[in-house]
Structures are given as structure tokens and as C-alpha cells.
1. For the stretch A:217-273, how big is the tail of P(r) above 15 Å, as a whole percent of Cα pairs?
2. Over chain B, what is the relative contact order in percent, taking alpha-carbon pairs closer than 8 angstrom and at least six residues apart?
3. Within a 10 angstrom radius of the beta carbon, how do B:Val276, B:Val215 rank from fewest other beta carbons to most?
4. Over the protein assembly as shown, what portion of Cα pair distances is larger than 38 Å, expressed as a whole percent?
5. If Lys and Arg each add +1 and Asp and Glu each add -1, what is the summed charge of the other residues whose beta carbon sits under 13 Å from the beta carbon of A:Cys101?
6. For the protein assembly as shown, what is the percent of antiparallel DSSP beta bridges, rounded to the nearest 5?
7. Which percent, nearest 5, of DSSP beta bridges in chain B are antiparallel?
8. Considering amide H positions built from the backbone, and no H for Pro or chain starts, which residues 5 or more places from B:Tyr205, or on another chain, come under 5 Å of its amide H?
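Any read-out appearing in this document is the output of simple, stated calculations on the displayed coordinates, not a laboratory observation. Remember, predicted model here, so these are calculated numbers, not experimental data. With ideal geometry, Cβ positions are generated from the backbone for all residues, glycine too; neighbour counts draw on all protein chains shown.
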Amino acid sequence: MSRVFVAMSGGVDSSVAAALLAERGHDVVGVWMRLTRANGDPDAPRCCGTEQAGEDARRAAAVLGIPFYALDYAEVFGRDVVDRFVDSYAQGETPNPCVACNHYVKFEALMADVVRKFGADRLATGHYARVTHDGAHRLLRARDAAKDQSYALYMLGQRVLSRLEFPVGELADKAETRAIATRFGLPTATKPDSMDICFIGGDYRGFVRERAPEAFVSGPVERLDGSVVGAHAGIGTLTIGQRSGTGIATGERMYVLRLEPDRRAAIVGTREEISATTYELRDVTFTADVPPAGRFRTNAVLRYRGTPLAGWVTVHADGALLDLDTPALVAPGQAAVFYDGDEVVGGGIVTATRAA
Amino acid sequence: MTRVYLDHAATTPVDPEVAEAMARVYRDVPGNPSSIYAEGQAARALVDTAREQVAAAIGASPSEIVFTSGGTEADNLALRGALKARRGERDGLVTTSIEHHAVLDTARDLAEHAHVRFTVVDVAPDGRVPPSAIAAAIDDRTSLVSVMHANNEIGTLQPLAEIGAICRDRGVTFHSDAVQSVGALEFDVRRIPVDLVSLNAHKFYGPKGVGALYVRKGTRVATMQTGGGQEKGRRTGTENVAGIVGLGVAMRIATERRGRESARQAALRDRIIDGVLARVPDAILTGHRTERLPNNASFVIRGTDGASVVMALDLEGFAVSSGSACTSGDTEPSHVILALGIDREAAKGSLRVTVGRGTTDADVDAFIATLPKVVDHVRGTAAVSA
């Protein structure tokens, strides 16, 4: 019987993950990650980091009769998720904090602790994804494509994957998850899904504005030819690829093509003017630890729940070049994730568009 | 998995004789002690007997015992009640940096909302409060001095007789939180010049939720709550009859067994101290080596965080504690350990091991064998298989 630690957020998915592993006879230990200090911090995470979520997780663990502990990751979360998120926005990027949290907090700090300090054989979470352990360890989309979260897990390598379990990723759909929660009498069975960025709640712009006011200084809105067509309220309010809500009435549908933080400029254009096909990626990793080839075909997903786009990946010393078959707008800071069918091959963070 | 419980400072298991006495009350004694008919008189008699038992154990007279809901309420009643009773005449409160939160947070609250002047006296690195420092902190308007008898984290015993003599000399009321020591050690108010003493049943094999405040005859304590006037108006509210009976029986048993148990537990404690210091690198004993509770072995283990050590030991079947009880995952170092002059980083590695009546030599052997392995893992110095 192996000892499996389950990261319990207080929600239904991770509670069911714990329940399924316990039912299979594993020695299951529940842990809840404190992501902020207890003293009524107004920036307290809203979903899995709150006191109430911790209590929900504790109740679920008690129903399952498994040991449960709260662990403090406020320091690493503040540094590697919140601060990075704010810095990235201030630089005109559109970061994905869930990717950072998975990377630095759950599968680095927590994984290291449970294996090293507490003798865990495996770590499980309530993510909708699958991992298979037959020789090589492979990361796959969840059986329920609608709930799939494999995008935000692309950075996992063999060492981490070898110790991971995603029990709910094997389930048919969310209804099955809730049915299992009901069967085990889990109080989280009817708890609603979390939607917002966990540590912010609804208004991420207000959150960033407080920490990086320079990202909310007005600047020019320009067309590709350099003509100024309006003004915007700060690059922190803009995301590349969004329909232009930049306050210009030209009668055409306009999209944010590019941000130039140095001179606070936003470049907008029509759908026809979207020409970028080639993107530079940094922090490129592969689930097999090595790329399948120096240059390989892939289906790239460029935002959470995004549509896969066909293209080529060329690996180089500092990262990789993603060359899409058709033009697409991607915001720097987002993850580009490489799929081969349902399997996650790897991915990286979009840094800049490279002129083809 | 067999469990080894080594956290008797947090709470102790209820003695079977205590549980039986309480069960009899719930089964057979339905009355309210304030009622004049037979059922009330039966309940009143049980409360009176318990009051006698508690009084006898500490050399007090029964009229000097006020039952409360536990140690925290007793501390609150002592501080708030004593300061309120002498308000207008004196307004100063002197206490120490290692008191329980029930005292320190009450003192802060009084300073903030009741115009009480609040002075904190530091302890020496061995956890002892120098009586001269208390004397120096007292001025003409000091109303109350509160110094605990035995610290809940490091087990260090304070020189109450000397401090009490200073207080008496200066006309200052003297309170001691003796929650950790009453039951384990002899505590006689005829020998210690103390005016108010807090005690708590669940620290000596009695039930949770019941305690008492000893109030020396002549010491004025104003009530905190108003109502039907029970406990001579000092703690009004219908008595927790079964709990009070449990407290009385637990007190009697503790007094009977104290001499033999203290010696036996002190030997176990010393084996833990010697074993840990010998086998865990960079571990230091916290608190005074000899002036400490017979059941308390407390340490700082550098390079660990106490919560992780507690968790890892729990998974190995051992219940111990890091500083004071906390389940929130918030790793703030203990104010007691910091007060000893230990740096914040090291203070996170505090570990408290407290033995009890049920602890055996085999339990101690198993603990000493397991702790070094757990510490290696938590420090990250153990090899992990890939």
C-alpha cells in the first residue's frame, strides 16, 4: 500500500480524488495549502487559499477518515505567483497565474515537501487531466474534454509525473464527480466550481492597478501605419487579441495586435491585419524531458481551453520557435502548449512575436 | 497503527474513575444546585464536595474556590476582576513575556479598552523571571502582578514564593496561572503568597470545559458577567455539575498519585531530553534544565519547522506538539520561544514532548528511535528514493 498525499482545495474535485484513492486502499493523507497569512489580509486568495476552503477540506477529510494537515505556502505563493502576475501585467503581458501556481507551488514546493519530509510515494490533485505510468510517464487530456485542465500542467517533467495521480481526470464528466462525492457523503458534493483568478476575485485590473499603477497610465492607440486613432487607459487594461474596447469608432472590428510598454502604445488592426504566425517561447519544457525532435509538428493550444492550432516547433538553445500554419494573435505571458492528439508534449511561455 | 500520545500539556485523557463519576451525575442527579427541593440539594451537595476536594488539594478553604469554564476564563476573571475591583485606586498590571495568550491578550485588551497600564517583564534565556525584575516593574499604582507557575510550552517553573513576597510587601494583588502545574506538582496557597490561582481540570485527567479560580479571602474580584448570582456572584450561571464533580475527583486522584507519578514521569522526561540531545544534531533544550515540570521536554531543532516535524511524527504514530496547539498551517514562531532570545528562524523548529500517566519506557524508546529519522527527512538531509 503506497502513501499518497492529496492536495485538497476544499472543492469537490480534490475531495473526490482523495475519496477514490482511499477506496482503492492507498494510505491517503490530505493536505490543504495556506496561500496567504491568516490575519485578515484583504488580498487573501478567494478560492483554495481561504480559511473557509481549508475548513471545507478538513470536513471532507474527516468524512473520509483520512489524516489532514494545513501547510503554509504563503511565502512562495506571494513571490512566485502574485508578484510574477503583477510584474507580467505591468510589462504588457497576459500571464496565467494557474500555470505559475502549478509550476512553482503545487508541483515544486508541495511535491518536494511531501516526498522529502513526509515520505509520500505519490501526490494527487483534483485536476482534470490524466497521467499514465507505463515505462515513460505521459500526461494526457482528461476524459471529459470540456473540463480538461492539461493545458495548465504542461510544465511537468518525468520526475514529477512519475509521482503524480489525477484520479478525477479519468471520470466521464463533472456529473460523475458529483455523483461520487454524494456516494461518499462528502459535504463538498454540491459546492459550486470556482471561476475567478483565485487570489483576486472579480476585479483583476483593480488588483494590478494597486500594485503597478504605471500600467494604468494612458497612452496612444495606433494603427499599423503609425497613425494615432485614439487613447487607452493603460496597457494593464489591454490584452493582445481582444476585440478593441479602446474607445475608437472606426466602424470596423478592431483587435489589439501588439502592445509596446516602453512608449505605452497599443497597436490595433482589423482581422485581415493579423499576420503573426511565428512566436518566440521561453522556459520551454517537455513532459518526456527531451523534445521529440529538434523540429516537430504539433497542435499548439495558446490559451486555457483554446482551440488547437497546427504548426511547427523548432527547439533552440534559449527556448523554441512556434510557427503556426495560419495567423493567430497570442498575448505574451500566455503558455503555448504542444499536443500530440490527447498527449501533452510540452510547452513554453510566449515572449514576443517574431516577424516571419 | 498503535498511537503514542506525548502531548499531555495540550490535554490529558479523562481518568476512568472521573468519567464514571460524571456519568453518574448525568444519569442520576437531574437537579439545579440552586433549587430548594431534594433534587436541587443533591446537586448542591455534589458541587460542595467537589469544592472541598479542590480546596483541600491546594491548601485553601472551600469558600475560596470559584468554578469556571476552564483556565482561560479563570485567567480572564482574575485579570479583569482584580483590576476592576481596585479601579480608581490602582491601574497598573505587570506580567511576563511568556504568559499564555489568555493572560497576555487579556492584558492587551485591558490596556486598550480599560485604561490599564500594562508592563511586560522579560525572562532570562532559561525562561525564569528574575524576581528583581518584577520588583523593578512595580510602582505605587500597580494593582496586579500575573506570573504563571509553569510555562505551557517550555515547562519552566517560576519563583512564585519570592515574587509573591514582593507583591505582598508592595500591596499588589498577585495572580498565577497554574494551569500546567496544579495536579502535577504540590501547590499550597498556605506556603505561596499568591492571591489568585487559575487551574484547569483537563490538564490533570479531568474533563474539558471546567476549571477554577482560587481567590484568597479578602482579595477583591469584580464579576465579569451578571445574572443569577451563583458562585457568590463571582461567576454567575448555573453550575456545570457533572464537570465540577469531574474536576473534584480528578483533583483528588492527582493529589493521591502526585508523588509517585512526578518521579516516574521526571525519569521519562530526562530520558527524552538526554536521548534527543544525544541523537538529534543541532537540537537544544528550551527552558530551565531542572526547574521544569516533571513531564515536559521541549526543544528547538534548528533547520526544521515544528509543524512539519509534528506532521511527520503523527504519520509515524506519535502525537507531540510544536509550541502551542495550532492547526491552521500558519507558521508564526511562538512568542515564548522568541522571549528566550532564540532567533526567529530557529524558533520555528520548536518541539514539545510531554509525558503522562500512560507513558511507558517503551513509548519513550520508540520516540527516541523515530525522531532522528523524521528530523533528517524534514531537514532534507535524508536520501529519497527516485
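1. Values: 550 of 1596 pairs.
Looking at the stretch A:217-273, the distances longer than 15 Å represent 34 percent of pairs.
2. Values: 799 pairs, mean separation 85.9, N = 386.
Relative contact order of chain B: 22 percent.
3. Details: B:Val276 23, B:Val215 26.
By the 10 Å Cβ count, ascending, the order reads B:Val276, B:Val215.
4. Values: 142022 of 274911 pairs.
I get 52 percent for the Cα pairs in the protein assembly as shown exceeding 38 Å.
5. Details: positive: A:Arg79, A:Arg84, A:Lys106; negative: A:Asp80, A:Asp83, A:Glu108.
Once positives and negatives cancel, what remains is 0.
6. Working: 70 of 106 bridges.
In the protein assembly as shown, approximately 65 percent of DSSP beta bridges are antiparallel ones.
7. Details: 20 of 39 bridges.
For chain B, the DSSP antiparallel bridge percentage is about 50.
8. B:Thr12
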